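All of the numbers you see were taken from the coordinates with simple rules; none came from a lab. The structure displayed is predicted, hence computed values, not measured ones. Here the Cβ is made from the backbone with ideal geometry for all residues, glycine too, and neighbour counts use every protein chain on show.
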Amino acid sequence: MEQVQAAAANRTGQDLAGRSVFIEQAMRMLGVSKRTVYYRIREGRLRTIRVRGGSQRVLIDSIRDLVATDKPRAAHIRPMADDAAAASSQSDSCR
């Protein structure tokens, strides 16, 4: 019975490893720094697993969830070029 449970636990870890990426891959997928990935992990916005060698991997589903929840926020942010143009026009109108 213990062997079956150990095999099931091992299989679950392998299944998750197939649906996860290393920290460096997650940072490239999200377009953020490694530090930001670690912040999101600490905040609970990215979920991870530990694999046999001890390295930490980010679950792809959590990356998808993070991107989906951040899209509405990003829609409200204007590009920086627009901000600079707006600031420039405001300073011109004040003169």
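Any idea how far apart ASP65 and THR36 come out in nm if each label point goes 7 Å out from Cα toward Cβ?
2.0 nm
Can you compute 3J(HN,Hα) from phi for each residue in segment 36-52, using the Karplus curve 6.51 cos²θ - 1.76 cosθ + 1.60 with θ = phi - 60°, rounded to whole Hz and x for Gly and Pro?
Computed from phi, the couplings for segment 36-52 are 5, 4, 5, 4, 5, 5, 4, 6, x, 7, 10, 9, 10, 10, 9, 9, 3 Hz.
Would you pull out the residues with amide H under 5 Å of LEU46's amide H, same chain only if 5 or more places away, H placed 1.01 Å from N?
Those lying under 5 Å, H to H, from LEU46 are ILE41.
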